[in-house]
Each structure stands twice: as C-alpha cells, then as structure tokens.
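Visitor: One structure, pasted below without further comment.
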Amino acid sequence: MTIRQTSLSSLSASRPRLAIPLGDPAGIGPEVILKALRARDWSAIAAITVLGTRSLLHQALGALQQSLYAGPLPNLDSLDFVDIAPPLSLETVTFGQASAATGAASFAYLQAAIEGAVAGQYDAIVTGPIAKSAWKAAGHHYPGQTELLAEGAGCDRFGMAFVAQSPHTGWWLRALLATTHIPLRQVPEVLTPALLTQKLDLLVHSLKQDFGLTQPRIAVAGLNPHSGEGGQLGREEVDWLIPWLEVQRQRYPQVQLDGPIPPDTMWVRPGQAWFGTEGRALETAHDAYLALYHDQGLIPVKLMAFDRAVNTTVGLPFVRTSPDHGTAFDIAGQGIADANSMVAAMEVAVAVMNSRR
C-alpha cells in the first residue's frame, strides 16, 4: 500500500481533526462525501482530511458534474488529501459494480485512517460506506468496519450505537445494540448478563463523555414478545434479564434504568418525541435505548431517521461515526444520493470531540 500525503492547509489544533476514508469507490461514498464537503463551512469547526485514491475521486466528481445534480461541489485541489494507491489494479471503477479491487481499496483507505488516528494524527474517523462482500472478495473477512476499527485500536470492548437529532423537535435519539451482525437464532445464545453489562457500561460512559449526561434515563428492551409475558412467551426475562437489571440499578444509582420494556411498545414514545405528535413525549422519552439485537433497534431507528441517523462506535480511543446507509450500488454514479446522513455523521463527530474536550 502506497500513501502520499498532500498537506494544503495549516491545521489548527483547536479544531477536531476528521479523517474521511472514501469507502467503496463503486458506491455512493465518494458522491455523498463530495456533497457533504460543501454542505457548510467546515473550515470554521473542523480540520478535514480525505483518504482515498485521487483519480477515483476525480471520476466521482466528473460523474456528478455530468448528472442532473446542480448543487455546489468542492475544488479537489483545495482538499487536504491522502492519496492511496489501490492494492489491486483499479484505474477506473464501474459505478454500481463492487469487486475484489474496490473492496481492497476501501479496506486500505480505512486502514490508513485507523493508523493515523492511533498515531494521534486524527481525532475522529467518519467512514464512507463499504461492501462486506467486496472485502471478502479481497480476502478481508470482517463482519464490518466496526470490527476492523476495534482491532486496529486494540479494543476488545466496543459497541455499535446510533444517534440522530429530530428535525421536527430537536430531540436526540440514541440507541445501542447489544448484539449486531449475527443470525437471529444465535441471539439468545450470545446474549448473556456479562455481555449486557459490558454494553451498558459502554453506553453509560458514552452518554457522560460524549453527550454530557451524568444522570441519564435508559430504556432496556425485552427479548421476547411482551417481554416474555411472565415466562409464558419465553423465559429469558424471568430467568436472568430482570435480576440483571436489579443488579445494574445498584451499580448505577445515578442512572434511571427502565425495563425490560416490551419491544413492540418501547419505541412508541421515541416516535412521538421525534415527530412531535404528543406533548409530553419530549419530557418523558428516555435519553438512550438499549436494544438486544440488530433489527429490534434498527428498524425503528431507520423508520424515524433514515436520512439523518449516524452510526457511531463507542469504546474506541478516538471518535468514529458514519452515515447510516450502505453503498447503494443501485444509484451510484447518478448524482441522486442523499448526503444528509454523511453531513450528520461529520457534525456528530465534531460535537462529540468538543464534548470530550
């Protein structure tokens, strides 16, 4: 992997330093990054470095200029850019078509960002979307970017959380997943008191460190329909989840821990707070929600905030955020990708870094 650093501006130490790897160059990552870079005056609040292959970013810019997109675009010569030669031959990409070469490229971009963050060059990484299938085709067998980030940072305790601010009410939605990319049938086996304790610890620490919440209210979902209905619809709640919650309330007397809340009703109040459909929802909605498996948390999050939700990895020594969408190969290169989630990911990274400072 060949890296050439082009430093075109003097970076102020007072601004958070954001590294933005392009993601899969055949997807919408380069497009939403180009759009996001002109969405606001970032120079006033952050020092941004883009990591990728310059020729491929020029190709994405050319596609945008030839599309129906009429919004502002950055001058690539003014970017602080780390030019990374793809490990596999990749002179051009066919938008919408992932390959081993695009997977190897996106892997190299993220690796370079991680190495820079670990070395103290960057405060935060805002990742472009990648294709797991392309990583595997390139010989990189990771469930996703989160696991590579944790490995590169030397962390064995980390969590996947999603945050978003409502454009309707200003309310902040925060949700952490206890289990992530595993088959549904494995969830009851993987979900243990020890794992939940680890995830709760990460969530409580993040709420304090990243959002300034010292006495948060946290809702914990049940696993089974109706939270097991007293053992009639599953015994996990009765056998260990309810006793576990009692122990955690003693460990965290400053935290309001509510649960296990039936999964089908836990998201009613957040929805009301997000859309402003019930007056008291903003006061009574929880500060954070602990979902026990992937779809239990992400279906409601994406229903409320698909174009605004931000994926963030808690437990790392640096900040990591990303837009809450994938590579969208079906629309790549057409100029129609929505950059709002990328903008939100960059804004959350800045806000969290400022909170930590």
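Visitor: Projecting each Cα onto the charge dipole of region 217-309 (Lys/Arg +1, Asp/Glu -1 at the beta carbon, about the Cα centre), which of LEU282, PRO300, VAL268 comes out farthest on the positive side?
Guide: Final value for the positive-end residue is LEU282.
Visitor: Moving on. Normalising by the residue count of region 1-141, find the relative contact order in percent from Cα pairs under 8 Å and 6+ residues apart.
Guide: Normalised by residue count, the contact order of region 1-141 is 38 percent.
Visitor: Quick one: grab the alpha carbon gyration tensor of region 157-313, order the square roots of its eigenvalues as a ≥ b ≥ c, and give me rounded if a/c is under 1.5, else prolate or oblate depending on whether a/b is larger than b/c.
Guide: In terms of gyration-tensor shape, rounded.
Visitor: So what's region 273-357 giving for Rg/Rh, alpha carbon basis, Kirkwood Rh from the mean inverse pair distance?
Guide: Looking at region 273-357, the ratio lands at 1.01.
Visitor: To continue, here is another question. If you put +1 on each Lys and Arg Cβ and -1 on each Asp and Glu Cβ, how big is the dipole of region 199-327 around its Cα centre, in Debye rounded to 20?
Guide: That gives a dipole near 340 debye.
Visitor: If one takes the longest principal axis of the Cα atoms in the chain, at what angle in degrees, from 0 to 90 and to the nearest 10, does the Cα axis of helix 193-211 lie?
Guide: Around 60 degrees separate the two axes.
Visitor: OK, next. Rank by packing, highest mean first: peptides 321-334, 280-293, with packing defined as the count of other Cβ atoms within 10 Å averaged across residues.
Guide: Put in order of decreasing packing, that is 321-334, 280-293.
Visitor: Rounded to the nearest 500, what is the chain's calculated 222 nm mean residue ellipticity when only DSSP H runs of at least 4 contribute -39500 (n - 2.57) each, over all residues?
Guide: -11000 deg cm²/dmol
Visitor: Starting with the highest mean, order 25-37, 94-106 by the number of other Cβ atoms within 10 Å, averaged over the residues of each peptide.
Guide: 25-37, 94-106
Visitor: Determine the dipole magnitude for region 66-223: charges of +1 sit on the beta-carbon of Lys and Arg, -1 on that of Asp and Glu, nothing else is charged, the reference point is the Cα centre, and the result goes in debye to the nearest 20.
Guide: It works out to roughly 720 debye.
Visitor: Among ALA101, ALA328, HIS58, whose Cα projects farthest towards the positive end of the dipole of the chain, with charges put on the beta-carbon of Lys, Arg (+1) and Asp, Glu (-1)?
Guide: The Cα lying farthest towards the positive end belongs to HIS58.
Visitor: Checking the a/c ratio against 1.5 first, then a/b against b/c, what shape does the Cα gyration tensor give for region 46-105?
Guide: Judged from the Cα gyration tensor, region 46-105 comes out oblate (a/c at least 1.5, b/c at or above a/b).
Visitor: If you compute P(r) over Cα pairs in 20 Å bins from 0, in percent for the structure shown, which of (i) 30, 56, 14, 0; (ii) 25, 51, 23, 1; (iii) 29, 52, 18, 0 do you land on?
Guide: Identified label for the calculated read-out: (i).
Visitor: Suppose each label sits 7 Å from its Cα in the direction of the beta carbon; what would the THR92-TRP240 distance come out to in nanometres?
Guide: In this crude spin-label approximation the distance works out to 5.6 nm.
Visitor: Lys/Arg Cβ at +1, Asp/Glu Cβ at -1, dipole of the chain taken about the Cα centre: which of LEU68, ALA150, GLY116 is farthest positive-ward?
Guide: The residue sitting farthest along the positive end of the dipole is GLY116.
Visitor: Ok, one more. How much solvent-accessible surface does SER14 expose, in Å² to the nearest 10, with a 1.4 Å probe and all protein chains in place?
Guide: Accessible surface of SER14 is approximately 90 Å².
Visitor: A further question on this structure: Under 1.5 on a/c is rounded, so check that first for region 5-155, then, if it is not, pick prolate when a/b is larger than b/c and oblate when it is not; a ≥ b ≥ c are the square roots of the alpha carbon gyration tensor eigenvalues.
Guide: Verdict is oblate for region 5-155.
Visitor: Peptides 139-145, 236-242, 51-57, 68-74: what's the order by average Cβ count within 10 Å, highest mean first?
Guide: Top of the packing list down: 51-57, 236-242, 139-145, 68-74.
Visitor: Give the percent of DSSP beta bridges with both residues in the chain that are antiparallel, rounded to the nearest 5.
Guide: 45
Visitor: Moving on to the next point. Just for region 157-313, what percent of DSSP beta bridges are antiparallel, to the closest 5?
Guide: About 50 percent, rounded to the nearest 5.
Visitor: Relative to the Cα centre, what is the charge dipole magnitude of the chain, using +1 at the beta carbon of each Lys and Arg, -1 at the beta carbon of each Asp and Glu, and rounding to the nearest 20 debye?
Guide: 560
Visitor: Restricting to lysine pairs 8 or more places apart or on different chains, what number in the chain have Cα atoms under 29 Å apart?
Guide: So the count of such lysine pairs works out to 10.
The values are calculated or read from the model by the stated rules, or taken from the named source; none is laboratory data. Because the structure is a prediction, the values reported are computed rather than measured. Every residue, glycine among them, receives a Cβ derived from its backbone with ideal geometry; neighbour counts consider all protein chains shown. For accessibility, only protein heavy atoms count, side chains too; no ligands or nucleic acids. Shrake-Rupley method; radii C 1.70, N 1.55, O 1.52, S 1.80 Å.
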